[in-house]
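The values are calculated or read from the model by the stated rules, or taken from the named source; none is laboratory data. Being a predicted model, the structure only gives us computed values, none of them experimental. Here the Cβ positions follow ideal geometry from the backbone for every residue, glycine too, while neighbour counts run over all protein chains shown. In case anyone asks, the SASA skips ligands and DNA or RNA and just uses the protein heavy atoms, side chains included. Shrake-Rupley method; radii C 1.70, N 1.55, O 1.52, S 1.80 Å.
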Amino acid sequence: MTAINQYIELFKATREAIDAHSAGALNALRPKALEALEGARMPVKGDEDYEVTDLEEVYAPDYGVNVNRIDLGVNPAEAFHCDVPNLSTCLYFLANDAFFAARNSDKNLPEGVIVKSLRRAAVENADIVEKYYGQIASLDCRPTALNTLLAQDGLLLYVPKGVVVEKPIQLVNILNSATPLMAVRRLLIVLEDDAQARMLVCDHTQNKQTDYLNTQVVEIFAGKRAVFDYYDIEDSSDSTHRVSNIYIRQQEASNLMVDGITLTNGFTRNNYVVDLDGDRTELHLLGMAMASGRRHVDNHTAVNHRHKYGTTSELFKYVLDDQAVGSFSGLIKVFPGADKTEAYQSNKNVCASPEARMYSKPQLIIDCDDVKCSHGSSIGQIDQNALFYMQSRGIPEHEARLMLMQAFMNDVIAGVRLESLKDRLRHLVETHILGGSSSCQDCAGACPTTKKD
Amino acid sequence: MLEIKNLHAAIDGKEILKGINLTVRPGEVHAIMGPNGSGKSTLSSVLTGHPAFTVTEGEVTFYGKNLLELSAEDRSHEGLFLSFQYPVEIPGVSMVNFMRAALNAKRKYYNQEPLSASDFLKLMREKRAIVQLDNKLASRSVNEGFSGGEKKRNEIFQMAVLEPRLSILDETDSGLDIDALRIVAEGVNKLKTENNATIVITHYQRLLDYIKPDIVHVLYKGRIVKTAGPELALELEERGYDWIKEEVDNAK
């Protein structure tokens, strides 16, 4: 029996409850997802782009899914409000996969902007959800299909034409359960033409003893000339498995920053699929991972240039310590007719210990003549000359190594377009590296969620 | 303060230093000259604890302590300083953080509290003035994008901050124009006291016009083959090293 089968059985046994506690477009897509999953298996080690990651294993345990939407006693919105002075945001929560808005979180939103429970939106804003839901999330990807089969809630962000949302929108995903749990989270983000917004998503695990399978599918639609920043920070636990699939469609002259940051994790697989669906698009795709212990971080990216004058700059950096395993596979594909494309992909890694392992596969496929593209990858150690130079000035070896690891991440942090987040990230990387401990209090989002711990 | 006895050192199994003897006392300025490949830079690397070199024989004491047993950072704390021939660029580590880490590590070694932010900045300002180092370099990454002259001035700036008891200047004159050379040398002279000492490693007499040595040594094939007063440097400038090489090679 494959890992998928147990969830198909779960679906068939509880379908009424699943539908009853969800709505509209979410329910409408389930049959298609089921079709895609019947007889299928999750990717296993050795499949294309799964060189070191075995999702069959990850999905194999019998995780509970909260199909009846039982209140697990986590209501972050009532307990907390975000009052951090230098990162003022409109704050929302998904506790496991149930939506909560913080008090007054909507009051700073411009008129017409919608941030709400996806389940509610499927009823109240059915036209939007029906138009976009599931349109770019590929059911050929099994984890995406499984998410589509089971997803009951999540978040809708909708920014109407020409509207600029000044305040960053912050979503805090909290995992908290006494028994092994699969969170099935779904985000739908739509920016109409000329709209602008920034979103910060933080994953936190509160009850760290429990095993979690933290799954998400994110669909981002950026209209013409839209500008959107999406920062996705994972600060979870050793026993958290995260499988994330982010799909992006960019229309003409839109400008996106997508930044995936893995600070603390157990097992992580992030997929980024970007379709550049118009001329003069601009994409910044950044990633950064710091892993120690026996942690596993795997990022996969696929960027498709189908139109003229598109630019992509992609940079992923890893620092791996102890027996940590990192993997990066990235593909930039330039289709015929995508003249004047400029696409750069880079993956740079440091293995700070002899037992850390990094696997890197940068790929570029160009079916067009008039382009500027490059790709590259490097795996190295801490620079011994720099280390000795610092020691000779009295900086102890341990501290010098940490400073160098932190310095290595500097250009990824420098790429962040949200100033307050940049400072917090620097601070966070520093405390994270120096202390090695994970603390939400030091988190980039700095929402006081840990008070509940 | 520094006592080197019969020091032998090797890199990758190849012996470079073949029995160095040298004594340095407080207040002295020593010059170590010699042709390329004679072991000058190796000596400075071994003294400061570069991990690539292995000491195969001999001993080095610094104020009575066995220097060779100390880590590179503890040698620094004990008051040893090397001005690198090729200062290392460290992208992503700002000069400010670098110096703060270095200074506070030393203070910790002597059980002192870390400097307050304002005292630290004041100290940086004072020390920068000694080598006329631009303030804007302080916010940049260590040595990154610095010109040759700025890198060397930055070395002397670090020396000023750390106040070593023994400084080794490894070809600090290389890559410097005449103005930068003067600024660097003046900086070194300003830091000179009767309690500290300097070893100047150089090919040329030029630097010694500015930093006057008390004793000049010639290093050749891993040994000190000649020791004399400052006049030796002038003679080398005039006659080159060939006559010394001949003397040594014929003596065998």
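Quick notes on this one:
- Separation of alpha-carbon centers, the range A:335-414 and the range A:303-330, rounded to whole Å: 10 Å
- DSSP beta bridges in chain B [antiparallel fraction, %, rounded to 5]: 60 percent
- Going from the isolated chain to the complete set of protein chains, the range A:400-416 loses at least 30 Å² of heavy-atom accessible area (1.4 Å probe) at A:Met403, A:Ala407.
- Averaged over the residues of peptide B:93-103, the number of Cβ atoms from other protein chains lying within 10 Å of each residue's Cβ is 4.
- With distances taken between every two different alpha-carbon atoms, chain B has a Kirkwood hydrodynamic radius of 18.8 Å.
- Evaluated on chain A, the Kirkwood hydrodynamic radius is 22.2 Å, with distances taken between all distinct Cα atoms.
- Solvent-accessible area per residue, Å², over the range A:3-452 with all protein chains present [probe radius 1.4 Å]: 36 Å²
- Per residue of peptide B:51-61, the mean number of Cβ atoms on other chains within 10 Å of the residue Cβ is 1.
- Mean ellipticity per residue at 222 nm, deg cm²/dmol - from DSSP H runs of n ≥ 4 across chain B, formula -39500 (n - 2.57): -11500 deg cm²/dmol
- Relative intensity, log₁₀ I(q)/I(0), of the range A:244-357 from a Debye sum that treats every alpha carbon as a point, q = 0.16, 0.20, 0.21 Å⁻¹: -0.69, -0.93, -0.99
- 0 to 90° range, to nearest 10: angle between helix B:95-109 axis and chain B longest Cα axis: 80 degrees
- Length gained when the stretch B:Ser71-B:Lys190 is fully extended (0.36 nm per residue, less Cα-Cα span): 40.0 nm
- Probing with 1.4 Å while keeping every protein chain in the model, the per residue accessible area of the range B:107-252 equals 50 Å².
- Legend: P(r) of the range B:55-184 from all alpha carbon pair distances, 10 Å bins from 0, whole percents, reading 12, 40, 34, 13, 1.
- Shielding value for A:378-388 is 3, the average number of Cβ atoms from other chains within 10 Å of each residue's Cβ.
- Pairs exceeding a 30 Å alpha-carbon distance, out of B:Lys65/B:Lys122; A:Lys317/B:Lys136; A:Lys308/A:Lys361; A:Lys116/A:Lys361; A:Lys116/A:Lys161; A:Lys131/A:Lys348: B:Lys65/B:Lys122; A:Lys116/A:Lys361; A:Lys131/A:Lys348.
- Projected-area average for the range A:154-234 over all orientations - Cα convex hull basis, square nanometres: 5.1 nm²
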